[in-house]
Structures are given as C-alpha cells and as structure tokens.
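Read the figures in this text as sums done on the coordinates, not as results from a lab. Computed from a predicted structure; not experimentally measured. Glycine gets a Cβ as well: all are built from the backbone with ideal geometry, and neighbour counts include every protein chain shown.
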Amino acid sequence: MSLDINVNRLIYWIRHKTQCSNPQFQVCVIATVAYQNVHTTSTNSDFFFNQQPHAWGLHFSRTMIFAIEEINNSTELLPGVRLGYQIFDTCASVPVAVHVAFQLSNGQDPAFYQGSNCSKSGEVLAAVGDSGSTSSISISRIFGSFKIPLVSHFATCACLSDKHEYPTFFRTIPSDYYQAAALAKLVKHFGWTWIGAVHADSDYGNNGMAAFLDTALKEGICVEYIESFYRTDPQNKIRKVADAVLVLAFAGGGDMKVLLEELSREPTPHRQWIGSEGWISEPVLMSFSFCAGAIGVAIQQSVIPGLRDFLLDLSPSEVAASSVLTEFWEDAFNCSLTEVSNTSTKAADPHKGKCDGTEDIKALKSPYTETSQLRVSNMVYKAVYAIGHAIHNAACQETNGTTQCDKHMRLEPEQVLTELKKVNFSQNGYHVSFDANGDPVAFYELVNWQRSESGVIEQVTVGYYDASLPKGHEFHINGKLTWMDGYKQVPGSVCSESCPPGTRKVLQKGKPICCYDCIPCPEGEISNMTDSSDCFPCPREFWPNAERDGCFLKPVEFLSFDEVLSIILAVVSIGGACLAIITTVIFFHHRTTPIVRANNSELSFLLLFSLTLCFLCSLTFIGAPSEWSCMLRHTAFGITFVLCISCVLGKTIVVLMAFKATLPGSNAMKWFGPVQQRMTVVSITFIQVIICIIWLVVSPPFPVKNLTTYKEKIILECALGSAVGFWAVLGYIGLLAVFCFVLAVLARKLPDNFNEAKMITFSMLIFCAVWITFIPAYVSSPGKFTVAVEIFAILASSFGLILCIFAPKCFIILFQPEKNTKKYLMNKK
C-alpha cells in the first residue's frame, strides 16, 4: 500500500467497502483517512505550496500507515478485515482542511484504494487528525453534522472537550486543561509568582493561555504581562514579546521557532523558559543555545516495536511513487530522482545531482528518522488503534472462543462513534480510553533542556504529572535540573519577597495580588505562616513573642514570697508582731506598776494581742491566691482590726468615764466597769464577725486570673466576690475609727499626766489618714501592687497604733522609772 499525499488534500479517512472483487480473500476494505501538516505555508487560495515537506508530518503519516498494517496483519483485531487509508495534507491551513472536509462529507468519493481485494471506494467512517487545534476545530464542526468521528493526536485545545460544540471529537493527547494545571503546578513548585506569558495568536495558544491564567490565579501566581504573536507579525513586535526574567510560552513548534529566531538575532538577557508541550519536546528548537535550562511538560515518551525499521525501510521505487516522499528524499540527500511518479507535481531540480542509489536513510539525521523519543507518534499510533477497536466492536463478535467479523456489514459513522466512546484497551503497555469529553487520562513528563558535556542541548526527563493520582500528589520531580545560563539553583521570580511570620501581606494599590508590602502584626496578634494575609490574636492566656510569630503562655504575676518587695513587707510584718510581743512582755513584767494599772491593763493586753494579729494577718496577702487564702486574708483583716479599734475605743471611753468619776456625786465608773468593757469589745467585734460570715456565705472572695489589667501578663489575685461585703467590712472599721477619733479629741485636754486620749487621738489620726489614702491607692494600683498597698495600709495603721499608744509608756517604764509612781500619776498640771 503506497503513500500518496496530494498537496490539495488533508486527512486519514476510514471507509467501508461493500463489494469485493476477489472472492479468494473474502475481505472488505475499510479505509482510514488522515489529516497531516506535511507542508506548512500556503501561497494562494489555489492550495499551492512553496516549502519542503515537514519531516515530522511525514513521520506521523508513516506511523499511521505502520499501525494500519499492524492491524491488517493481526489475527485478533479485525480478523479477515483490512483497513485502507488516504492521507491529505492540511499545510497548516484552515481553508485546505475545510475544503476537503466538505468534499468528503458531501460524498465526493475518489477511488483512493485500488487493490486486488476491493474494487469500489468505501464510505467514510472515521478520521485521524489534525495536528493543529485550529484545523481540528474547523474539521470537527463539519464532521459533527454527519456524526463522523475525528480522533486527533495533537490537537490539545481545551475548547474541543465541549461535546455540545464538537460531539464527534476525540483525542489521544491530553487536553490543555490538564496541561495548564501541570504548568501552574510546575510554576508554583519552584516558588515563581511573577512571570511573563507569551502565546501564539491561534486557537491552541489563546485557549491554552486562558486555561493557564485561570489555573494560575487559583494557585496564587501573577502574570506580569501577556503578549500574543503570530508568525507573520513584524519582526520588531515579535522581538519584544519576551521581556521578563521568567517567561512561559504557550505556542506550537512552528510559532516558537519564529519567535526564537527573532530573539537570536541580537544578544538577549537571560531568560528562564517554561514551555508547553507544543514546543518543549521539539528537537529542532534545541539548537537555540540561549534556551538551555528550559523546563516544561511533554507528552510521555513511548516505544513502538518495529516502527524504526518500518520508517527506514524505503525502497527507491516506493519513494519515486510518492511525490511527498520524493520531495523528502531529494531534500534530505540534495539529489534528484530520475524518475518522477505520475502523481508528482514537482519536476526534478536541474541544479541537484542525480540520486545514484547509494543514499543511506539509516545514516540520516532528521526528525523523520528520530525514534529515540517517540511522543506524538505514539498518540498517532493509539488513535489508529482506537478506531480499529471501535470498528472491531461494531462489526465483530466472539463466538465459541473465536472472533467472527461481518465482512458484508454496512457500517455507519454513527456506529463507530458510539463504539469509540466505549473503547478501553492497552497497546504496547499504553492504556487507551476516553472520558465523557472524549479526552484520555492526562499524563505528562516534565522535561528539562540540559547541556551535555559536549555542549549539545538534550531533553532530560526530570519528573511527571499524572492527573489520575489523588489531589496534591499529581506533581512529582525525581531528577536533577539545570537552569538558565547554567545556574545550579532555582532562579527567583517574584514581585514581592515572601512576608516572614510575624507580618501580614497588604496589597499594593493598583497592582496584582503578588505585589504587596509586609506589615508587622499589631500588638497582641501573630502570624505563624509565611505570606500570611492576616494576623490573628493569641488565646486569652497567651501572648505573642517578640517576633510575633508564636504565642507563649503569659507569665502569671502575684506577690510571691521570693520577691524583694514581699520579703521587705514580710520582715516588717514579723518585726511589728515581735514589737507587739515585746511590748506585751514589758507590760506583763511591770503589770503592778502605776502606769500599767492606771491605763486599763486588761484592754492594753487585749489591744497588744489584736495588734499582733494585725501584723501577722498581712502575711496572708503574700503568696499565690487560693480559695482559702482569699477568704482568710479579708476576714482576718476585718475582724482583727475591729478587735483592735474596739479595744482603743474602750480605752477612750474608760478615760472619759474616769474623768467624770472624779466629779462630786458621779458614779459613772460603775456603769463602765471591767465587765462592761469586755462586753463592749465582744459586741463590737461580733458585729464584724456577722458581716464577714454573711459575706462568706453569700459571695466570698475567690482567686481569679486578671487578663484585662495587662495584655502581656496574667495577674493572679483575689476577687472580692461581693463588693458590698468588702466595703461593709472596711466601712465598719472606718466608722469605728472615726467614732474613736472623735471621742479621743474630746478627751485630749483632760488634766491627767498620763492621759491616753492624746496618744489615741494621734493614733486614730494616723489610722484614718492611712485608710483614707488607701482607697484611691488601692483602686489605682495595678496587679500585685494592689496587694502591696493593702499590706502597707495594714502595717502603717498598726504601727501608728502601737507607737502612739504604747511607745511613750514603754519609754517611761524602761528609761524614766521615776515617773512610774502613784505620786507622779496623781499630780495634775
């Protein structure tokens, strides 16, 4: 079966022969028609072309023929039925593709297969092609009306997955939807968020770039600029499309070749190229040395056993019988064949030497002979087999372990279309099936252009992208990469450097989301991730560290025993208690002396006892608050101070009563004797006890963590529980102190030499002054200093009492014993 490519045709058709002229073989022929870009540029509307055959297009066409012959020789797939074909050249021209699509759809049916098996041309059942998305879109729109399936091996535009627009389109190459996702994952993997984007002004470039931009936005990738170009654009425009450090190019091999040729005309800055599968695996482009380090996604490499031998098995007669093979042969070896086939449209070039038959195609270095990295060729191979399996499923049945095909069955394109949707097989280890959109499972290799030791740029597979894997595991790199200009490290490409933890991103006005400023988190908030868009507050009991990238537990503050302030207060408190005990010892030792007896020794001893308790109760305010300590410190303070004030009050009343008792006819002392004095002290103290009990029962003080006074630390303190109870205890003490002070003022000028009223007046004056100043100091003091102020007030008032009332007496007892006599006591001023 010879290859006859007419320059005004385009595709690989499948037809069904209904009559067979040779009953010996009893087979019918089904023809496969294929579109290929064998030539690349048209010069006029009459479909004449002026460029040499494209070696890759010829390679794909011959791969299709190889696959058809494999099927025809198979005993398992379509046994007894042969596939036929005709190849049409699109020349990368939409008008050419549309011309033949209409011609074949309208039933214009030239006899394209003439052999001993069948005598008549068949009906078009399916087509393989085209290589370009733009041509495939036009062809598929026409075929859709006739339900003729079109299986493309290289048309990747995501738009072709729309079954409403292109109901009969299938492909063995993944859609650009997945390619865009793979490229976005690739860019994201290396931390690139600021890239330039260029694309060919074609359906492949426009739709592919649109898909990439949509995916890139979801991945947080920003595009600095987007430029499109067409191969016929002015040179100065093409030269200016790639101005960024990192450029993603979505274009076909032909378009990219034009761009790189223009960029190579003058020295260009270093660029890191990211390539789509349309050009990254194109060997001819690797001659541009400034693209070394390029990385991109490519169709999976494959191995097709026997294909290389088939491609290189070209006899001179076979070459001469085909105009395209003749053109290829003469161009490859720079010679002219003496014989020109009847179908040739081109005469021998008189400037070339005659081909003498010694030409060795096996030694030829050309994309046609390149089989070390079969990528698109495998897509062609799978497309032919997909059609073969679809026809097999429609025309053949398995009976008793043998496959029988209906040789005379008249297949309709719609039947093949139905079966194509259901094909599911493996060929040479490669799975073939189509989803609801006519797309295969997406799998890409990640390739890197690396410079070898000899200085030649080579494609090296460094990873893969498999869309069938779970989300987040599709992208994998398992090889060592090189970068632009031989860099060993990943080049950076960001609009703004990443914001470290402790800061947040604030977008720059009028710029993309990748351009931002890094603002430190406000007080009390942190960000513990890079490029955080917001800061968040720490939990209530935590506080940010100095870098504001983490929360640590707030320090707990209370007046502990190991602090200097606490030690000082404790020493003073114990010292005051010792002073009270020493005074008690002195008074007890001199209890029979006039000065002790004259000043109501019983109340004096009780007052000293209460002062000792007052000094010691301040110790309950030091240390970590607990439930019991909170209740004890406030109630002990309230009761001991009332006991103390009641004793002072009793002494003041005794002084007044004693003075009145010296008046003629007065019997006042009998109404305020020792029993009444004890009852007064007990009654006054009992009232405070009742107040404290009610406070403890209704709403007692309790330990609490104060988180509001300071943001950066926790104050462990005693809450009052009932504020009414606290102020009732404090108010009762103040009421007694004021009453005692008033009585002391009234008695201060009594004529006795040892009149205690003066000293009581001073002590009450100090007491009231301390506690009046205590209230604002207590309210305004923060944290542990609140407790320190309360302790200071207790100690100050206690020292005021003991010094004013007992210090003068102790001084006389110890240093002026001559005054400690009854005679001196009875003298009046």
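Cross-link reach is defined here as a Cα-Cα straight distance under 17 Å, omitting same-chain residues fewer than 8 places apart; for Lys822 the aspartates and glutamates meeting it are Asp752, Glu756. In this structure, the amide hydrogen of Cys499, modeled 1.01 Å from its nitrogen in the peptide plane, lies closer than 5 angstrom to those of Asp531, counting only residues at least 5 positions away or on a different chain. Put the Cα centre of the stretch 374-406 next to the Cα centre of the stretch 532-594 and the gap is 91 Å. By the equivalent-ellipsoid construction on the alpha carbon gyration tensor, the stretch 173-299 comes out with semi-axes of 21, 15, 14 Å, ordered largest to smallest. The calculated FRET efficiency for the pair Ile772 and Val506, based on their C-beta separation and a Förster distance of 51 Å, comes to about 0.45.
Computed across the stretch 503-553, the Kirkwood radius stands at 11.4 Å (inverse of mean 1/r, all Cα pairs). Taking a threshold of 23 Å on the Cα-Cα distance, which of the pairs Lys257/Lys382; Lys505/Lys711; Lys705/Lys784 fall above it? Flagged as over cut-off: Lys257/Lys382; Lys505/Lys711. Principal-axis analysis of the Cα atoms of the chain puts helix 627-661 at an angle of about 20° to the longest axis.
Computed from backbone phi with θ = phi - 60° and the Karplus coefficients 6.51, -1.76 and 1.60, the 3J(HN,Hα) list for the stretch 271-279 is 10, 9, 8, 10, x, 7, 5, x, 9 Hz; x is used for glycine and proline. Over the residues of the chain, the helix contribution to mean residue ellipticity at 222 nm works out to -13500 deg cm²/dmol, using -39500 (n - 2.57) for each DSSP H run of at least 4.
Given their separation in residues at 0.36 nm each and the Cα-Cα distance between them, Thr709 and Glu398 gain 103.2 nm when the chain is fully extended. Each residue of the stretch 415-426 was assigned a 3J(HN,Hα) from its phi angle through the Karplus curve 6.51 cos²θ - 1.76 cosθ + 1.60 (θ = phi - 60°); the sequence is 5, 5, 4, 4, 6, 4, 5, 10, 4, 7, 8, 10 Hz, with glycine and proline shown as x. Exposure proxy ranking for Leu735, Leu186, based on other Cβ atoms within 10 angstrom of each Cβ and starting from the fewest, stands as Leu735, Leu186. Note on Glu412 and Phe425: the model spin-label points, each 7 Å out from Cα along the C-beta direction, lie 2.4 nm apart. Computed from the C-beta positions of Ser699 and Ile519 and an R0 of 30 Å, the FRET efficiency is 0.05 to the nearest 0.05. Amide H contacts for Leu374 (H built 1.01 Å from N in the peptide plane; partners 5 or more residues away or on another chain; cut-off under 5 Å): Ser302. Database remark: amide H of Leu337 closer than 5 angstrom to the amide H of Cys355 (H placed geometrically; neighbours at sequence offset of 5 or more, or on other chains; Pro and chain starts carry no H). Computing Cα Rg over 2.2 N^0.38 Å directly from the structure and comparing it against [x] 1.35; [y] 1.21; [z] 1.86 singles out [z]. Residues Ser287, Ser228, ranked from the fewest to the most other C-beta atoms within 10 Å, line up as Ser287, Ser228. Computed from backbone phi with θ = phi - 60° and the Karplus coefficients 6.51, -1.76 and 1.60, the 3J(HN,Hα) list for the stretch 71-86 is 5, 5, 8, 7, 9, 9, 9, 6, x, x, 10, 10, 9, x, 7, 9 Hz; x is used for glycine and proline. Counting neighbouring Cβ atoms within 10 Å and putting the fewest first, the residues Tyr824, Tyr516, Tyr444 line up as Tyr824, Tyr516, Tyr444. In the chain, taking the dipole from charged Cβ atoms about the Cα centre, the farthest positive-side position among Tyr824, Ala777, Ile574 is held by Tyr824.
Look at where the Cα atoms of the stretch 776-829 and of the stretch 283-317 average out, and the two centres are 108 Å apart. Per-residue extension of 0.36 nm, minus the Cα-Cα distance of Val284 and Tyr230, leaves a gain of 17.5 nm for this segment. Along the Cα-to-C-beta direction of Leu553, a point sits 7 Å from the Cα; which residues of the stretch 603-640 have their amide N less than 20 Å from that point? Backbone N within reach: 623-627.
Taking the longest Cα principal axis of the chain as reference, the axis of helix 564-589 is set at about 20 degrees. One decimal place: the segment Ser468-Val585 gains 32.5 nm when fully extended, by the rule 0.36 nm per residue minus the C-alpha distance. In this rough spin-label picture, where each label sits 7 Å from Cα along the Cβ direction, the Glu602-Ser533 distance is 8.4 nm.
What pairs in Lys185/Lys554; Lys471/Lys509; Lys218/Lys480 have C-alpha atoms more than 30 Å from each other?
Exceeds cut-off: Lys185/Lys554; Lys471/Lys509.
Contact order, relative form, for the chain: 9 percent (alpha carbon pairs under 8 Å, 6 or more residues apart, mean separation divided by residue count).
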